[in-house]
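The values are calculated or read from the model by the stated rules, or taken from the named source; none is laboratory data. What you are looking at is a predicted structure, and each value in this text was computed from that prediction instead of being measured. Cβ atoms come from the backbone with ideal geometry, glycine included; neighbour counts cover every protein chain shown. Accessible surface is based on the protein model in full, side chains and every heavy atom, while ligands, DNA and RNA are left aside. Shrake-Rupley method; radii C 1.70, N 1.55, O 1.52, S 1.80 Å.
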Amino acid sequence: MELTSISVVIPVYNSQETIAACIESVLRQSFSSFELIIVDDGCTDDSGRICDEYVLKDPRIKVLHQVNKGRTEARWQGVQKACGEWICFVDSDDMLPVDSLRVLFEATTEDVDIVLGNGYSLAPESRTIIPMDDFRHKTVRAEGTIGVPWGSLYRRHLMQHRLFDLPRHIINGEDYLFWLRLVFLTEKPVRIVYQSVYNKGEEHTSNCFTWTADYCYELNELRKASIPDSLHSEFLSDMLDDRLENLFAVSVCTPKNEWKSSRYYQDILSDMKQLGRSLTLKQKLFLLLPGMKIRKQYSRYSGRLGELLRFGVVGVFATALHYIIYYFLLLFTGHNIAYTVGYILSFLCNFFLSSYFTFRVIPSFTRLIRFATSHLFNYLFGIVMLNVFILIGMSRELALLPVLILAIPVNYLTVRLALKFR
């Protein structure tokens with residue numbers, strides 16, 4: 001194994017509060033065949049000094065200082081100094097779990113040029129290898145963590161200047177353009193790692209960014225320029241999907257009269273007509289909501305609301321299944337055994353439905369163990385309450401009904417923790 005199998009590149013700008021923890025997370029990696037290249041992008045705080053101090057502690061660290069040119073240009077400067085076969089980007093306010101580089105490197109083969117980390121974000125995807133033709137469509141749609149450079153490995157020969165050559169004022173969506181250009185530089189399939197290999201810190205840029213129709217129009221022009229002209233028709237539908245997501249972001253940041261009269265919106269309508277597509281009822285209702293604040297609140301909470309609704313559907317089904325089995329078994333056995341058998345069978349059904357439908361994650365042995373652990377409390381709570389209701393005079397057939405009603409909110413909180421936690 002070469003001394004520098006992986007070059008880790010960290011662009012830094014005024015990150016004195018987080019950069020030490022970020023660097024330490026890289027140095028603590030169980031995989032040691034890496035170099036760490038830190039690019040001080042004209043920091044005006046103590047970040048540069050902190051980085052220089054680490055050079056004295058570990059010979060694998062290099063620090064570059066430059067006048068402020070932006071995060072994208074800083075990454076390019078780091079890539080140019082890299083010696084590793086593979087490149088890994090880390091942002092200065094994020095951290096790597098201790099086995100990240102090992103997990104990513106073990107996924108590399110001669111047959112791939114890209115290893116995508118955090119593959120759980122592609123749920124319900126489960127393939128460990130995705131052909132490049134398919135992956136390009138996912139990239140244009142910006143699925144999951146496709147569209148962010150961190151948490152993945154890239155073969156160094158792919159790191160061309162064009163990937164980083166963007167207007168300085170493009171500060172949101174620049175990572176997406178990086179990926180768009182990247183996936184047309186190789187025909188090799190992409191390896192997917194379904195483990196959490198990156199701990200994202202607090203997001204600042206996207207949370208504070210004000211989307212405008214003019215900005216999105218320019219972003220789309222850069223998007224079209226990143227895709228070969230001969231393939232525009234093939235990816236037009238995918239481009240439209242992502243542009244609609246941008247449109248919804250614009251609609252919560254700018255007044256309706258501004259974006260409805262924009263070139264950006266008119267182009268979307270034109271392409272929808274060309275593709276024979278129309279907005280879904282949900283999308284139409286969202287854009288019809290009066291006022292930016294209402295649309296913003298809807299955008300913020302609609303995902304959780306949808307999750308709750310899906311939980312309700314699964315919960316009703318699993319609860320009904322539990323009760324039917326319980327009621328049937330009461331003909332042959334006691335209420336405790338009937339409750340337990342019904343719980344186990346509905347539990348198995350609930351696990352797969354909750355994974356694929358409610359929370360949209362990939363079922364795994366780890367999630368099954370957490371799911372079972374969370375349900376242990378729910379089971380004990382239920383069987384105690386069942387016996388309480390029977391003791392106070394309720395019939396065995398009816399006693400389970402209030403138990404199931406009481407268990408629903410407890411079940412939602414424990415199941416969500418078990419399945420959503422990585």
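Taking Cα centroids, how far is the range 166-195 from the range 1-37 in Å?
21 Å
Please calculate the 1.4 Å probe accessible area of Phe135, with all protein chains present, and give it to the nearest 10 Å².
0 Å²
Please list Asp41, Asp133 in order of solvent-accessible area, largest first, computed with a 1.4 Å probe with all protein chains present.
Heavy-atom accessible area, descending, gives Asp133, Asp41.
Quick one: how many lysine pairs in the range 182-285 have C-alpha atoms under 27 angstrom apart, if they're 8 or more apart or on different chains?
Eligible lysine pairs with Cα atoms under 27 Å apart amount to 13.
What does the accessible area per residue of the chain come to in Å², with a 1.4 Å probe and no ligands, DNA or RNA counted?
Roughly 48 Å² per residue, with all protein chains present.
Toward the positive end of the charge dipole of the chain, about the Cα centre and with charges on Cβ (Lys, Arg +1; Asp, Glu -1), which of Val140, Leu406, Val67 goes farthest?
Checked the options; the winner is Leu406.
If you fit an axis through the alpha-carbon atoms of helix 292-329 and take the longest principal axis of the Cα set of the chain, what angle between them do you get, 0 to 90°, nearest 10?
40 degrees
When all protein chains stay in place, what accessible area (Å², nearest 10, 1.4 Å probe) is found for Met292?
The accessible area of Met292 comes to roughly 70 Å².
Any chance you could check the Cα centroid distance between the range 45-92 and the range 341-356 for me, in angstrom?
So the two Cα centres are separated by 49 Å.
Could you grab the relative contact order for the range 77-153? Cα pairs under 8 Å, six or more apart, rounded to a whole percent.
49 percent
Pick the calculated Rg and Dmax of the Cα atoms in Å for this structure from [x] 21.0, 64; [y] 25.7, 80; [z] 22.4, 67?
Only one option fits the structure, namely [y].
What 222 nm value per residue comes from the helices of the chain, counting each DSSP H run with n ≥ 4 as -39,500 (n - 2.57) and dividing by all residues, nearest 500 deg cm²/dmol?
-17500 deg cm²/dmol
Can you list residues from other chains, or at least 5 along the same chain, whose modelled amide H is less than 5 Å from the amide H of Lys62?
Excluding prolines and chain starts, which carry no amide H, the hits are Leu36, Ile37, Ile38.
Could you name the aspartates and glutamates whose alpha carbon sits less than 19 Å from that of Lys69, not counting residues in the same chain fewer than 8 places away?
Qualifying aspartates and glutamates at Cα under 19 Å: Asp40, Asp41, Asp45, Asp46, Asp91, Asp93, Asp165, Glu174, Asp175.
For His335, what accessible area in Å² do you get when you roll a 1.4 Å probe over the heavy atoms of the protein chains, rounding to the nearest 10?
Estimated to the nearest 10 Å², His335 gives 40 Å².
Taking θ as phi - 60°, what are the ³J(HN,Hα) couplings along the range 142-151 by the Karplus curve (6.51, -1.76, 1.60), each to the nearest whole Hz, with x for Gly and Pro?
These are the phi-based 3J(HN,Hα) values: 6, 6, x, 8, 5, x, 10, x, 6, x Hz.
When the solvent-accessible surface of protein heavy atoms is calculated with a 1.4 angstrom probe, in what order do Arg277, Arg49 fall, highest first?
Arg49, Arg277
So how do Glu234, Glu110 rank on accessible area, 1.4 Å probe, biggest first, that is with the largest at the start?
Listed by decreasing accessible area, they come as Glu110, Glu234.
Given +1 on the Cβ of Lys and Arg, -1 on the Cβ of Asp and Glu, and no further charges, what dipole in debye does the chain carry about its Cα centre, rounded to the nearest 20?
Roughly 1460 debye for the chain.
Quick one: pull the percent of accessible area on the chain belonging to carbon and sulfur, 1.4 Å probe, ligands and nucleic acids left out.
Ligands and nucleic acids excluded, carbon and sulfur reach 61 percent.
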